[in-house]
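Read through the structure below, which is laid out as structure tokens, and then see the notes.
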Amino acid sequence: MAGFDMHTHSTCSDGATTVEENVRRAVALGLEGLAITDHDTTDGFADAMNAADGTELELVLGTEFSAEHDGVSVHVLGYWIDPAYGPLRAELDRLRDERTDRARRIVERFRGLGIAVSFDRVRELAGEAPIGRPHIAQAVVELGAAASVREVFDRYLADGGPAYVEKHAVDPVRAVELLVAAGGVAVLAHPGLYGRRDGAEGVPDELVAAMADAGLAGVEADHPDHSAEHTRRYRDLAASLRLEVTAGSDHHGEGDLDRLGVATTPREVVERLRRWRRA
Ligand code: AMP
Ligand code: FE
Ligand code: FE
Ligand code: ZN
């Protein structure tokens, strides 16, 4: 299978498969490359490199950085970042702490809704990873209060839902600046999923333009959860802002999110992104 899957998650954040497993599966699929993009962490890098050692698979080490605009999540992929860069480390540490506090507040919201989720169980499900909403959703499913993680999101946890709590993450423009300062290449993840996913309005064009001014290199217009209309809209926007168009599966390893390799970026685009870094 040609191309690079430029967006994947593992147990280092809210995915169900380990980075080693993702690497093995990418090799089995014959992918040319695999990006490691766990939410707000670089913890998977060493394991990924060990797993890919001796294979043909090219790794693109990165993160999916949490930003927020008007209280709504905006995700920025940062590729080839230096994990030791101080200001980035500081922000990732801050986000991890913030995620823990926020998880406690979400658990309280659920309790207020009559769903007795335990924070300790959520912590346990997350393991070493920064706690994300999917960990909490999993704990809710375990209680039998919903049939699936998706149902928990649809009923309670989607942006703006009754159990939703904001992260106080950085502004998207600042996120781009930080990733670029860390030696990375910033790409706006799934812009069509901005807002509630049902009928999401998409990241505003003006915000994408402001991010482009700050050094954004590309837009993930091709995403399995994008409507055809979102894909077309963000392809056009990327072209007008002279940004690259990327594709990634956003694999999380479970249910319909178990989808490594279903969306890939051609090598020539990956090479242009790599050069963007030095430009
Ligand atoms: P968090 O980083 O804690 O805000 O959680 C965001 C993560 O939750 C995303 O990366 C997805 O894995 C998942 N997610 C967000 N919104 C939805 C949704 N509407 N349905 C299913 N999963 C979602
Ligand atoms: Fe996620
Ligand atoms: Fe995302
Ligand atoms: Zn993702």
Hey, any idea what Rg/Rh is for segment 174-225, computing Rh the Kirkwood way over Cα pairs?
-> 1.00
Taking a quarter of the surface of the convex hull around the Cα atoms of the chain, what do you get in nm²?
-> 13.3 nm²
How large is the charge dipole for segment 99-157, taken about the Cα centre, if only the Cβ atoms of Lys, Arg (+1) and Asp, Glu (-1) carry charge, to the nearest 20 debye?
-> 220 debye
Taking other Cβ within 10 Å of each residue's Cβ, how do R242, R174 sort, fewest first?
-> R242, R174
Cα centre as origin, Lys/Arg/Asp/Glu Cβ charges: the chain dipole, Debye = 260 debye
Using the Kirkwood formula on alpha carbons, the hydrodynamic radius of segment 1-142 in angstrom works out to 16.1 Å
Choose one of L273, L237, A51: the residue whose Cα lies farthest towards the positive end of the charge dipole of the chain (beta-carbon charges +1 Lys, Arg; -1 Asp, Glu; about the Cα centre).
-> L237
Among 53-66, 2-15, what's the highest-first ranking by average C-beta atoms within 10 angstrom per residue?
-> 2-15, 53-66
Convex hull volume of segment 128-253 per residue (C-alpha atoms, cubic angstrom) = 129 Å³
For R94, the net charge from surrounding residues (Cβ-Cβ under 15 Å; K, R +1; D, E -1) works out to -3
Can you give the relative contact order of the chain as a percent, counting alpha carbon pairs under 8 Å and 6+ residues apart?
-> 22 percent
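Since every read-out is calculated from the coordinates, none of them should be taken as a lab result. None of the values given here were measured: they were computed from a predicted structure. Note that we place each Cβ from the backbone using ideal geometry, even for glycine, and neighbour counts take in every protein chain shown.
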